[in-house]
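Comments concern the structure below.
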Amino acid sequence: MATTPVRIKLYDTTLRDGAQAEGVSFSLNDKLSVAYRLDDFGIDFIEGGYPASNEKDEAFFERVAEKSPKSAIVCAFGMTRRKGVKPTDDAGLAKLVGCGAPIVTIVGKSSAFQATDVLCVSLEENLAMIDETIQYAVSLGKRVFYDAEHFFDGWKSDPEYALETLRVAVRAGAEVVVLCDTNGGSMPDEVSNGVTAALQAVRAASPDRTVEIGIHTHNDCGLAVANSLVAVDSGATLVQGTINGIGERCGNADLLVVAANLAFKKNGRYEVLSTGALERATALSRFMYELANVNPTPGQPYFGASAFAHKGGMHVSGINRNSNSYEHVPPESVGNERRVLVSELSGKANIVAFLKKYNLQDDKTLNQETIAKILDKVTCEESQGYQYEAADGSFKLLVSKVKGEFTPSFSRLNFQTSVVVTDVNETLTTKATVATVKLRVGSQGEILHEVAEGDGPVDALNNALRKALETIYPELRDVKLVDYKVRVLNSDAGTAATTRVIIESKDGEERWSTVGVSENVVEASWIALCDSIEYKLAKSYNAKEKNAH
């Protein structure tokens with residue numbers, strides 16, 4: 001007889017705990033954008049912030065009340081009353097209960113050491129602070145979640161006191177008790193045992209009503225996701241975390257990874273989110289990276305750019321036969337995509353898969369001999385520092401060159417850049433960057449010699465190149481340079497190190513990336529720029545040929 005799946009609720013704390021990550025700061029509009037995006041995704045609870053801590057968080061609750069989320073419940077975070085102060089006289093508590101959020105998440109010390117040595121109160125006063133604060137919030141009609149801060153450390157050192165803080169919170173009216181591995185130092189077996197003990201204590205303290213157990217883990221031992229899953233298996237039914245795991249120190253549990261594991265790896269024991277929600281999870285992950293101005297983690301499970309990337313020839317050969325051979329779930333199940341990489345580790349299967357990706361597999365000239373030549377060329381160039389995994393435009397040009405089909409639209413004769421710095425006075429200087437390019441263009445071999453300024457040598461080169469070519473190839477006016485990345489390949493060589501530059505460009509139809517390598521970063525940029533222009537012109541020529549026929 002099939003058992004009914006247990007519903008696991010997701011509580012997102014990106015807007016508070018995530019904002020404590022180094023280098024992360026959300027504006028008020030950012031916070032609102034995140035909240036509504038989380039609501040659209042299907043998150044159950046969204047912690048909007050700590051209204052007693054700053055005006056921005058106060059304003060968030062005012063603004064979100066004007067346009068309530070469709071299904072998610074907004075929660076406000078706050079602390080127990082201060083020692084020696086009545087709840088009615090505590091200014092911070094007044095802001096918490098007065099912010100308009102239907103749920104208040106109240107954090108209290110569930111560790112004897114934290115109470116006496118950090119908060120500097122007696123064990124009895126700490127219990128009173130938890131009790132009176134929750135009772136006060138409940139009396140005002142608030143739903144209360146109790147965040148048992150440092151619970152696992154407290155339970156390991158003084159288990160009876162840690163459990164008593166939970167009993168007090170439950171008797172005062174908390175409907176969820178969230179066990180926090182605040183320092184991120186607990187092992188999975190400790191989490192499992194702690195959750196089991198907490199469940200027994202909470203049930204004994206609330207025989208007439210159901211109080212849920214939640215889990216809040218940090219990643220200081222690299223176990224935040226694992227500990228969250230163990231907690232769920234031990235009886236927790238609410239998981240706190242952040243999108244992409246951003247947070248203080250080593251971060252929090254990645255809520256999206258937890259959700260994916262619960263959905264795909266637990267044999268139907270749990271129900272999480274709504275049907276189809278995880279198919280939008282990669283988009284949510286990348287949205288959050290962009291908004292938080294955090295570099296995406298390529299190897300992030302499920303959602304990273306490398307999560308379904310295949311490089312080894314044997315792996316790609318297996319994937320081509322059956323994707324289950326090297327993928328634990330279909331990439332589209334989480335909104336990601338399979339990527340076949342081309343490198344010196346590739347076999348012919350990688351080249352075939354890459355050609356298929358760009359709809360070149362039906363080209364009759366791509367026989368086994370040609371594919372072998374392409375692989376040899378890739379291997380040779382990657383030994384010099386080139387990499388085509390993130391340079392699709394350059395790879396397509398390489399294929400055309402190997403096949404003997406590439407006709408350059410222009411020839412590079414020479415280029416020069418210079419930066420002129422003028423000292424105006426001791427504290428003020430003016431700068432001008434100038435680039436000169438010399439090209440041979442057209443069937444008549446016309447020589448073009450142009451000069452342009454720019455914000456730095458690469459921008460100046462780009463401007464000079466466009467100035468020279470746009471009158472002959474007006475379609476280049478549609479091309480925009482949208483990203484520029486530099487990688488030092490052999491840093492031990494110091495200033496003589498080889499650099500790889502990848503440039504991303506777009507027109508109104510697509511984006512493409514091109515690569516250049518040199519000991520001179522400007523020359524590497526020049527190579528990548530010229531490849532970008534050549535790719536666009538080759539694409540335009542092919543489109544005209546197709547229309548003509």
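The values are calculated or read from the model by the stated rules, or taken from the named source; none is laboratory data. Remember, predicted model here, so these are calculated numbers, not experimental data. No Cβ is skipped: glycine too gets one built from the backbone with ideal geometry, and neighbour counts run over all protein chains shown. What goes into the accessible areas is simple: the full protein's heavy atoms, side chains included, and nothing from ligands, DNA or RNA. Shrake-Rupley method; radii C 1.70, N 1.55, O 1.52, S 1.80 Å.
A few remarks follow.
- Distance between the modelled labels on Leu140 and Lys156, one decimal in nanometres: 3.6 nm (7 Å Cα→Cβ projection).
- Contact order normalised by residue count of the range 35-108, Cα under 8 Å, 6+ apart, percent: 34 percent
- Computed from phi, the 3J(HN,Hα) profile of the range 45-51 under the Karplus parametrisation 6.51, -1.76, 1.60 (θ = phi - 60°) reads 10, 10, 7, x, x, 10, x Hz, with x in place of Gly and Pro.
- Surface accessible to a 1.4 Å probe, per residue, for the residues of the chain, Å²: 47 Å²
- Above-threshold pairs, the threshold being 25 Å between Cα atoms, out of Lys401/Lys506; Lys70/Lys142; Lys373/Lys438: Lys373/Lys438
- The range 82-158 versus the range 1-24: alpha-carbon centroid distance in Å: 22 Å
- Taking the accessible area of the range 108-219, probe 1.4 Å, and keeping the other protein chains in place, the carbon and sulfur fraction comes to 50%.
- Spatial separation of Cα centroids for the range 440-492 and the range 177-212, in angstrom: 62 Å
- Counting protein heavy atoms only, the range 12-58 has 40 percent of its accessible area on carbon and sulfur, 1.4 angstrom probe.
- Zone of His328's modelled label, taken as backbone nitrogen in the range 250-288 under 13 Å from a point 7 Å along Cα→Cβ: 257-267
- Carbon and sulfur %, accessible surface of the range 376-487 computed with the full protein complex present, 1.4 Å: 45 percent
- A cut-off under 15 angstrom between Cβ atoms defines the neighbours of Gly42, and their net charge, with Lys, Arg +1 and Asp, Glu -1, is -1.
- For the chain, the relative contact order is 9 percent, taking Cα pairs closer than 8 Å that sit 6 or more residues apart in sequence and dividing their mean separation by the residue count.
- Summary of packing: across the peptides 143-149, 232-238, 505-511, the per-residue average of other C-beta atoms within 10 Å ranks them, highest first, as 143-149, 232-238, 505-511.
- Highest-first arrangement of 244-250, 55-61, where packing means the average Cβ count within 10 Å: 244-250, 55-61
- Counting Lys and Arg as +1 and Asp and Glu as -1 over every other residue whose Cβ lies under 15 Å from the Cβ of Lys86, the net charge comes to -2.
- Report note on the peptides 472-480, 524-532, 15-23: ranked by the mean count of other C-beta atoms within 10 Å, highest first, their order is 524-532, 15-23, 472-480.
- Net charge, Ile73 excluded, C-beta distance under 9 Å - Lys, Arg +1, Asp, Glu -1: 0
- Taking every protein chain into account, the 1.4 Å probe leaves Thr4 with about 120 Å² of accessible area, to the nearest ten.
- Rounded to whole numbers, the Karplus 3J(HN,Hα) couplings from phi for the range 442-447 are x, 5, 8, x, 4, 8 Hz, using 6.51 cos²θ - 1.76 cosθ + 1.60 with θ = phi - 60°, and x at Gly and Pro.
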